[in-house]
Amino acid sequence: MEDTALQIRGLNVAYGDQQVLRDITVDIPARQITAIIGPSGCGKTTLLRSLCRMAELVEGVRVWGQVIFDGKDIYAPQTEVTEVRKRIGLLAQRPFPLPMSIYDNVAYGPRLYGIRQRAVLDEIVERQLRAAGLWDEVKDRLHAPASALSIGQQQRLCLARGLAVEPEVLLCDEVTSALDPLSAQRIESRLLELKANYTIVMVTHVLRQARRMADYVLFLYLGELVEYGPAGEVFNNPRQARTRAYLAGEFY
Amino acid sequence: MSRLKYVEERIFLVLMVASLVIVVGSLAMILATVVVRGLPALNLAMLTQTPRGGYYLGKEGGILNAITGSLALAGGATVLSFVLGLAVALYLQVFATDTRLAHTIRLALDVLWGIPSIVYGAFGFTLMLWMGLRASLLGGIITLTLVELPIVARAMDEVIAMAPFELREASYALGATRLETAWRVLVRQTGPGLLTAVLLALGRGIGDAASVLFTAGYTDRLPTSLMRPAASLPLAVFFQLGTPVPEVRARAHASALVLTIIILIISIATRSLTGRLKRHVIR
Ligand SMILES: Nc1ncnc2c1ncn2[C@@H]1O[C@H](COP(=O)(O)OP(=O)(O)O)[C@@H](O)[C@H]1O
Ligand SMILES: [Mg+2]
């Protein structure tokens with residue numbers, strides 16, 4: 001089996017008194033697409049956000065357990081949270097461009113890390129916009145406000161912006177759910193290409209999308225990990241009754 | 001049933017129109033008074049000369065001392081309160097979000113906003129005595145800054161709170177710190193609103209007489225030193241109106257007209273700047 005990018009060990013998350021993730025333990029393989037599936041409200045977004053320390057931004061949240069990345073627990077006290085978030089990127093369900101130009105959106109991350117030379121930034125912006133499949137549409141208006149883009153373009157811009165800090169892991173939370181079918185398809189094919197260099201964990205509640213894209217599938221139900229394995233096995237020979245019922249469309 | 005609704009709607013409509021008439025009518029009357037009485041006394045000399053022919057209340061010369069004094073006082077105070085107010089607002093919004101401390105600071109600022117400016121004047125005067133300052137441009141700027149600060153800080157606080165939380169998240173997700181997020185994202189997103197907050201404060205600052213009465217004093221000279229007294233338009237109006245001499249009272253209205261025009265120009269300039277800042281705002 002391939003090497004492991006993230007080792008999740010006994011991870012729990014609670015919002016106030018309500019525990020929404022229970023004792024999740026699983027290995028996420030490197031440079032593969034792992035899809036998290038499950039009915040709405042089962043904790044998919046929470047799990048994804050707790051893999052890059054974004055979950056803790058919610059008031060009153062508690063996270064305990066370990067997520068080991070590059071040999072270190074991202075929740076260890078000495079870990080720099082900004083470093084974790086730089087190396088593990090998150091793409092949200094709804095795209096939120098930053099209030100600046102298309103160019104500045106992509107250059108935002110590199111500038112945070114001290115890159116100032118125009119030529120270097122130009123190169124990064126072009127390369128990442130190409131990687132996100134947006135370059136041809138925006139190359140003549142890089143300095144136009146990002147807010148003027150269509151929502152599908154905005155999502156690809158957010159992808160380019162996330163790639164520009166050179167993360168090792170990409171966490172994608174239902175990134176196509178707000179998009180039209182064509183934009184969704186573009187994002188999908190980009191992610192499939194990016195798999196060669198990035199570990200991708202994606203949340204989806206569209207089973208067909210998981211079938212199309214995933215190498216591994218993680219089925220989450222009521223905050224518990226029910227089943228995990230290679231996509232073919234989970235989809236064709238689910239071991240758990242609850243997985244079978246979910247795949248058969250008995251609940252959403 | 002529907003008849004009742006109809007009556008209800010009529011009553012509210014009449015009330016709304018009545019309020020509108022009262023607001024617009026009184027504003028129009030104030031403006032008309034200032035223009036009708038002030039315009040005849042307004043001439044180039046008023047705008048380009050300092051007073052002549054009698055200390056404070058000359059019938060000759062102009063009010064350049066008060067115009068420049070007011071601009072220096074309000075300008076200085078607005079710059080200071082902008083810097084301090086932005087720092088307070090960002091602290092409240094980004095670092096102390098929803099803590100007890102933040103609630104306490106907000107409450108304090110709201111109270112300070114409502115305190116009459118004569119109290120600030122008295123406080124500023126005490127502060128100056130303690131600092132060994134005499135009535136001066138600096139003393140006036142410090143006091144006016146205190147008057148403006150709660151307005152700027154609270155207005156900015158509210159403006160920044162309106163920015164979608166997801167914007168901050170987008171920045172944090174790239175590994176940005178809170179300070180980087182505040183400066184590079186929140187300030188840009190809320191730029192137009194921040195500017196409006198400043199305008200609000202500037203309007204209060206430039207029109208305020210009571211806070212500068214003891215602290216900046218008054219003089220016929222132009223403000224050339226931070227340590228010397230400075231004149232101001234509201235006090236010019238106040239002193240000129242207080243005389244029995246008709247010519248000087250006409251000059252009071254001209255001074256008020258000048259003050260009104262300055263505020264108008266600043267508002268228009270701010271508006272066009274706001275429009276430009278809106279370009280990148282995410283809705
Ligand atoms: N910010 C929050 N505060 C309180 N409860 C939340 C918050 N976000 C999510 N939850 C709760 O946690 C559970 C899991 O939510 P989520 O992770 O968003 O599920 P999913 O992405 O699978 O739909 C739900 O019951 C939801 O109500
Ligand atoms: Mg979700």
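The values are calculated or read from the model by the stated rules, or taken from the named source; none is laboratory data. Because the structure is predicted, anything quoted here is derived from the model rather than measured. Glycine gets a Cβ as well: all are built from the backbone with ideal geometry, and neighbour counts include every protein chain shown. For accessibility, only protein heavy atoms count, side chains too; no ligands or nucleic acids. Shrake-Rupley method; radii C 1.70, N 1.55, O 1.52, S 1.80 Å.
Quick notes
- Calculated FRET value between A:Asn237 and A:Glu137, using beta carbons and R₀ = 41 Å, to 0.05: 0.45
- Estimated FRET transfer efficiency (B:Ala102, B:Thr177; beta-carbon r; R0 22 Å; 0.05): 0.70
- Rg and Dmax, both from the Cα atoms of the range B:2-41 and both in Å, are 17.1, 58.
- Accessible surface ranking that places the most exposed of A:Arg212, A:Arg53, A:Arg242, A:Arg156 first, with a 1.4 angstrom probe: A:Arg212, A:Arg242, A:Arg53, A:Arg156
- Within the full protein context, the accessible area of A:Leu47 is estimated at about 0 Å² for a probe radius of 1.4 Å.
- Contact order relative to length of chain A, as percent, for alpha carbon pairs under 8 angstrom and 6 or more apart: 27
- Inter-part distance where the range B:172-195 and the range A:119-179 are each reduced to a Cα centre, Å: 20
- The accessible-area ordering, largest first, of the residues A:Phe219, B:Phe12, A:Phe235 stands as B:Phe12, A:Phe235, A:Phe219, per a 1.4 angstrom probe.
- Here is the size of the range B:55-280 from its Cα atoms: Rg then Dmax, 19.8, 69 Å.
- In nm, spacing of pseudo-spin labels at B:Arg52 and A:Glu166 (7 Å Cα→C-beta vector): 7.2
- Heavy-atom accessible area ranking, 1.4 Å probe, most first, across B:Glu60, B:Glu166, A:Glu250: A:Glu250, B:Glu60, B:Glu166
- Remark: relative contact order (the range B:55-280) = 33 percent; criterion is Cα-Cα distance under 8 angstrom and separation of 6 or more residues.
- Inter-site label distance for B:Arg3 and B:Ala28 at 7 Å from Cα along Cβ, in nm: 3.6
- What chain B shows is 53 Å² of accessible area per residue, with the surface traced by a 1.4 Å probe over protein heavy atoms.
- Chain pair B, A: total accessible area buried, heavy atoms, 1.4 Å probe, Å²: 2300
- Between A:Gln78 and A:Thr25, full extension at 0.36 nm per residue minus the direct alpha carbon distance yields a gain of 16.8 nm.
- 1.4 Å probe, heavy atoms, protein only - residues of the range B:258-283 losing at least 30 Å² accessible area vs chain alone: B:Arg279, B:His280, B:Ile282
- Förster radius 45 Å - calculated FRET efficiency between B:Ser272 and A:Leu57, Cβ distance, rounded to 0.05: 0.75
- Amide N proximity, the range A:48-77 versus A:Asp3 label position 7 Å along Cα-to-Cβ, cut-off under 11 Å: A:70-71
- Under 24 Å from A:Lys195, Cα to Cα: lysines that are on another chain or at least 8 residues apart: A:Lys44, A:Lys72, A:Lys86
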